[in-house]
Amino acid sequence: MTQHRDARERAIMTFVFLTVFLGWVGFSIPFPVFSPLFLTPAAPLLDEGVSNGVRIQLLGVGLALYPLGQIIGSFLLGRASDRYGRKQTLMFALTLTVLGSLMLALGVMSSLIYLLLLGRFIAGLGEGSVAIVQSLASDASSVQTKARNFAFIGIAMDLGFVVGPLAGGAILGDVSSGVSPMHWALPFWLAAALFVVNLLLVPVFLKGGGGAVHTAASTPRSMAGAMMPLMLVSFCTFWSIMSFFDFFPVYFVQVYGTEPMQLGINAALLSAPLVAAGLVVGRLVNRVGARAVAMLAFTLMGLGQYAFLQANTEPAHIPAVIAIAVGITFGQTATSVLVSDAAPTEAQGQALGLYRAVTVLAAAMAALTGGWLAAANPGHPFLGAVLACGIGGVILCLPRQKRVQC
């Protein structure tokens, strides 16, 4: 019996790792292309006569539509996976992602801005699949393996976000002399192909429904109320995480005038401590508990981002960046385990969908607020992240809530 469970867990986690990795590669391949597509006059999306101000406004809309779709899709699809089964809901989510990616590619090739924007929103809705695969990992895990399995999801995301942008930048190449609409659209076509592969993997790895169907899950209001302290902790965690991810390149450009190629190398090098921390965080959670690891994450991220601001040369930032990266991995894993452990089996999809929606909301708000803070001073977004760590730590120290009852 134990061997059968272990074999099933390995098969599901192999699928989860592949799905998340391919999904994040597909999501991030167009990453280096998206902004130039709006801002480069030679790009096929907008007429050359469109002003720079209008281009920036349209880019802002395009950037905002994806997380908006994620927030809606994560909660709705996570809850649907509890009611209708993981496999069916995941296939629906991945179909949405394929459809959105195809619309993005066709919008670029045909210079239809409305089609591209609609595709961006639909692709964001489909990205709610992350909540479903987290639920699959929770379903398959034992108490001893849950943290390790959730950490593997984080590693898959980190690796995917390294491979994707590098591949997308290499595909597009130099656009200064102008390239064809098909060339501009190629990263989006490739992303759609990867999502199709993801979709085809579902029936191969998931037999039956891919998870139990539950009809007695708690209502959205009761779930949100019961999980509020943990959701606030998760919000603070991802505010700090995304403040660093979004604004450390901005800081290097503003303070040191760092070139784009070096920024790309810096981002790739950041994956090393992220992955290394992912390999040990599961054992650490099992040894000291997810709550202690979450507190350690706040400490590492808070002190690390404060130390980041004290460095006065680019190499001097390295120790702080390593501490921040370890804190990021610890925080991602610990908060997901805390939320999963607090929810009953029949509401894992709903709880993790709400968790995913909250983290995306934190990322969006951190980006908006950080842009305003960075305009005042390059270091202010990091001070905001330090404050978020302090608030999260205080909430984490409050009396523990009971497990959610359905």
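Annotations for the structure displayed:
- All helices (runs of 4 or more DSSP H) inside segment 77-192 with 2 or more residues being touching a residue at least 12 places away in the same chain (Cβ under 8 Å) and charged (D, E, K, R): 86-110, 146-172
- Lone qualifier among V16, V25, V54 - being touching a Gly at 6+ places or on another chain (Cβ under 8 Å), in a helix (DSSP H, G or I) and of a type in the set (V, I, T): V25
- Matching option when the condition is surrounded by fewer than 23 Cβ atoms within 10 Å (Cβ to Cβ) and modelled with pLDDT of 90 or more, among L117, L63: L117
- Residue pairs meeting the criteria (Cβ under 6 Å; at least 6 apart or on separate chains; first over 19 Å from S336 (Cβ atoms), in segment 237-255; second among the polar types (S, T, N, Q)): F252/T258
- Residues of segment 21-39 that turn out to be surrounded by 19 or more Cβ atoms within 10 Å (Cβ to Cβ) and more than 30 Å from L201 (Cα to Cα), as a count: 2
- Taking the criterion of being at pLDDT 80 or above and not in a helix (DSSP H, G or I), the only residue of segment 228-275 that qualifies is G257.
- Listed by position, the helices (runs of 4 or more DSSP H) contained in segment 288-406 that have at least 2 residues being in the same structural domain as A277 (by TED's automatic domain parsing), touching a residue at least 60 places away in the same chain (Cβ under 8 Å) and farther than 27 Å from I71 by Cβ are 290-310.
- Criterion: under 13 Å from V233 (Cα atoms) and over 21 Å from the mean Cα position of the chain (by Cα) - qualifying residue of L373, L387, L338: L387
The values are calculated or read from the model by the stated rules, or taken from the named source; none is laboratory data. Remember, it's a predicted structure, so these values are computed and weren't measured experimentally. FYI the Cβ positions are ideal-geometry reconstructions off the backbone, even for glycines, and counts take in every protein chain you see.
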